[in-house]
Amino acid sequence: MIRFEDVTKQYPSQTRPALESITVEIEKGEFVFLVGASGSGKSTFLRLVLREERAGSGQIHVAGKDLSRLSHWKIPAFRRQIGTVFQDFRLLPNKTVRQNVAFALEVIGKPRSQVDRVVPEVLDLVQLDGKYDRMPDELSGGEQQRVAIARAFVNRPMILIADEPTGNLDPTTSVGIMKLLDRINRTGTTVVMATHDAAIVDQMRKRVIELEGGKLVRDQSRGVYGYAR
Amino acid sequence: MRARLILSEVAIGLRRNLTMTVALVITFAVSLSLFGMALMVRAQVDTMKDYWYDKVQVSIFLCGKSSDSASCAGGAVTQAQRDQIRTDLESLRPLVEQVYYETSAQAYQRFQEQFKDSPIAANASPDALPESFRVKLSDPTQYAVIATAFAGRPGVDSVVDQRQLLDRFFSVLGGLQLGALVIAIVMIFVTALLIANTMRVAAFSRRRETSIMRLVGASDFYIQMPFLLEAAIGAAIGAGIAGLAMVAFKRWVIDGFLAPTFQFTAFIGWETVVGILPVLLLTGVVLAMVTALITLRKYLRV
Ligand SMILES: Nc1ncnc2c1ncn2[C@@H]1O[C@H](COP(=O)(O)OP(=O)(O)O)[C@@H](O)[C@H]1O
Ligand SMILES: [Mg+2]
C-alpha cells in the first residue's frame with residue numbers, strides 16, 4: 001500500500017536531510033505507529049505519502065502509484081484515496097459539525113443525495129450523534145478530533161494518515177480516539193499514525209517504525225515506544 | 001460541479017474582503033472608463049476623418065488686385081484666364097469630380113458666417129479674400145495632378161490642398177489617440193496588479209478552507225473557481241459602471257454639449273458607444289480571470 005525505497009528528502013533551507021535513505025513497506029490493512037522525537041522526520045514522511053512534498057531521491061509508491069511520475073492534475077484523485085487527521089483538528093470554525101464533514105464530499109463534487117446519506121453514517125461511526133448542528137467551538141477537543149476523523153473517513157479512503165492526533169488531548173480522551181482509529185483500521189483501512197505518546201504505543205501493540213534524525217532506526221511488529229533507547 | 005456551493009463561497013469571499021472588493025470594483029470602473037474613452041477618442045477621430053476627407057477640396061486661388069506672388073505679376077486674373085482654367089479642369093474628369101467657383105464676395109460672406117461672433121470678421125474686407133475654384137477630386141490623394149497643372153500659371157495665385165492641412169491636424173489627433181491608449185494600457189496594468197494583490201489576500205484569508213480542499217482531493221479548478229468568479233464579478237460590476245459612464249458621456253457631454261457647440265464636425269453615434277460596451281465587459285472579465293489564474297497558480301497550488 002505504501003512503499004519507500006531509499007527515499008531521501010532535504011528541504012531547500014536545511015543543511016541536513018529531513019529523511020535519509022528510508023526503505024520501508026506498509027501493507028494494506030496494517031496499523032503502523034511512526035515514532036521519534038520531534039524533528040525526527042515523522043511529519044515529513046507523512047507529507048511525502050500525501051504527495052504534499054516530493055522526494056529528493058528514491059522511489060515512493062502509494063496505492064499503486066509511483067509518486068514521482070504522478071502528474072499534477074492527477075494529484076486530487078490520488079488524495080481522495082487518503083484521509084488525513086492532524087493534531088490541531090483543522091475544522092472550519094464557521095461551519096457546523098455536519099457541514100464540516102459534508103464539505104469534504106461537496107468539494108470533490110459528490111451529489112447532494114450521497115452527501116446527505118453518508119454524512120450521518122460516518123458521524124454515527126465516530127459517535128457524535130446528537131451533535132450534528134454544533135459549531136466546532138461548542139465541542140471538546142476529543143469531540144473535535146472525532147469530527148476531523150469523520151471528515152477524513154467519510155470518503156472511505158484506503159489509507160488514513162494521522163499526524164499526532166492525540167497531541168492536544170488528555171490521556172482518557174486519547175484512548176477513545178485510539179479505539180476509533182482501531183475500529184477504522186478494522187474496516188480494512190491502512191492507518192499510519194505519527195505520535196510520541198509512549199503510553200498509547202505501548203498499549204496498542206502495533207507495528208512501530210522509529211525515526212531518529214531522519215533515519216529509520218527501528219521497524220518492529222507489535223512494538224512498544226521506548227525499545228531502542 | 002456544485003453551483004450553489006461555489007456561489008456561497010463567492011459570496012463569503014466578496015463579503016470577507018469587502019474593502020478589497022470595493023477597491024477592485026472602483027479600479028475596474030476607472031481603468032475601464034479610461035479604456036472606453038480611449039476607444040471613443042479613436043472612433044471620434046475616425047469619424048472626423050471620414051467626415052472631413054469626404055469634404056476636402058483642392059482650392060485654386062486666383063490673383064486679386066493685391067496678390068503679390070510671381071504668377072500674379074500681370075495683375076488680377078482676366079476673364080480669359082478664368083475660362084481657360086475652367087476648361088482645363090473640366091478636361092481632367094473623372095479625377096475632377098466637382099468644380100465650384102467662388103467669387104471674392106461669396107468668400108467674404110462665408111467668412112463672415114463662419115466667424116460671426118469674432119472680431120476677425122469685422123476686420124476683414126471683401127478684397128482680402130480671393131476668388132477661387134474649389135475642386136473636389138474623386139481620389140483626394142491625386143492632388144499633385146492639379147498642382148502641376150495649375151500652380152504658377154498666370155492668373156493663379158496658389159493651389160492649396162486642404163487634405164494636407166487636415167493631415168497635419170489629424171497627426172495631432174493621432175497623438176491624442178496614442179496618448180489615450182497609453183493611459184488606458186497603464187491603467188489596465190495597474191488593475192492587473194491590484195487583481196493580483198486582491199487574489200493574494202483572498203487566498204490568504206481563506207487558506208484554511210483551501211488547505212482542507214487540497215487535502216481531501218478537490219481539483220485546482222474547484223479550489224480556484226470561487227476566486228476566479230470573485231474577480232470576474234468585480235470586473236463585471238466595474239465594467240457596468242464604466243459602461244454607464246460612457247453612456248452618460250455620450251448623452252450629456254457629446255450630444256448635450258459638444259455636438260451643438262462644434263457643428264463643423266460629426267461626432268460618434270450611439271452605435272459606436274453601444275459597440276464599446278461589450279468590449280469593456282469582455283476586456284474586464286478576461287483581464288480579471290487571466291490575472292487571477294496566474295496569481296492563484298502561485299498561491300493555491302495543489
Ligand atoms: N517546510 C519545511 N521547511 C524546511 N525544513 C523543514 C520543513 N518541515 C520540516 N522541516 C525540518 O525537517 C526536519 C523534520 O521535521 P518534521 O518532519 O516536521 O519532524 P517531526 O514531525 O518528527 O517533528 C526538522 O529538522 C524540521 O526543522
Ligand atoms: Mg510533526
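Read the figures in this text as sums done on the coordinates, not as results from a lab. Note that this is a predicted model, so its numbers are computed, not measured. Note that we place each Cβ from the backbone using ideal geometry, even for glycine, and neighbour counts take in every protein chain shown.
Kindly count the pairs of lysines across segment A:78-229 whose alpha carbons are less than 23 Å apart, treating pairs on different chains or eight or more residues apart as eligible. Lysine pairs satisfying the spacing and distance rule in segment A:78-229 number 5.
Give the angle, between 0 and 90 degrees and rounded to the nearest 10, that separates the Cα long axis of helix B:79-91 from the longest principal axis of the Cα atoms of chain B. Taking the Cα atoms of chain B, the angle to B:79-91 is about 40 degrees. Annotation: amide H-H contacts under 5 Å for A:ARG218 (H modelled 1.01 Å from N, sequence separation of 5 or more, or interchain): A:GLU210. Segment B:1-67 and segment A:150-191 have Cα centres separated by 60 Å. For segment B:195-302, dividing the convex hull volume of the Cα atoms by the residue count gives 94 Å³ per residue. Just to confirm the number: angle between the C-alpha axis of helix A:171-186 and the first principal axis of chain A, 0 to 90 degrees, nearest 10? So the helix axis and the longest Cα principal axis differ by about 90 degrees. Cβ-to-Cβ counts within 10 Å put B:ILE6, B:ILE294, B:ILE146 in ascending order as B:ILE294, B:ILE6, B:ILE146, the fewest first.
The smallest convex shape that holds all Cα atoms of segment B:57-162, its convex hull, gives 96 Å³ per residue.
Using only alpha-carbon positions in segment A:84-229, the gyration tensor eigenvalues give semi-axes of 30, 16, 13 Å once each is multiplied by 5 and square-rooted (largest first).
Panel order for A:VAL122, B:VAL274, by other beta carbons found within 10 Å of each beta carbon, from fewest to most: B:VAL274, A:VAL122. For chain A, the residue among A:VAL62, A:HIS72, A:ALA152 whose Cα projects farthest onto the positive side of the dipole built from Cβ charges is A:HIS72. Evaluated at q = 0.06, 0.12, 0.13 Å⁻¹, a Debye calculation over the C-alpha positions of the protein assembly as shown (equal weights, vacuum) places log10 I(q)/I(0) at -0.53, -1.11, -1.20. Karplus-based coupling profile of segment B:134-139, in residue order and whole Hz: 9, 10, 9, 9, 5, 10, with θ = phi - 60° in 6.51 cos²θ - 1.76 cosθ + 1.60 and x standing for Gly or Pro. Here chain B is treated as an ellipsoid with the same Cα gyration tensor; its semi-axes, largest first and in whole Å, are 64, 18, 14. Of the trypsin sites (Lys or Arg not before Pro) found in segment A:1-80, the ones in coil according to DSSP and having at most 15 other Cβ atoms within 10 Å of their Cβ are A:LYS28, A:ARG54.
Structural size metrics of segment B:183-222, computed from C-alpha coordinates, are Rg and Dmax of 14.4, 46 Å.
Counting neighbouring beta carbons within 10 Å and listing from fewest to most, the residues B:SER219, B:SER138 come out as B:SER138, B:SER219.
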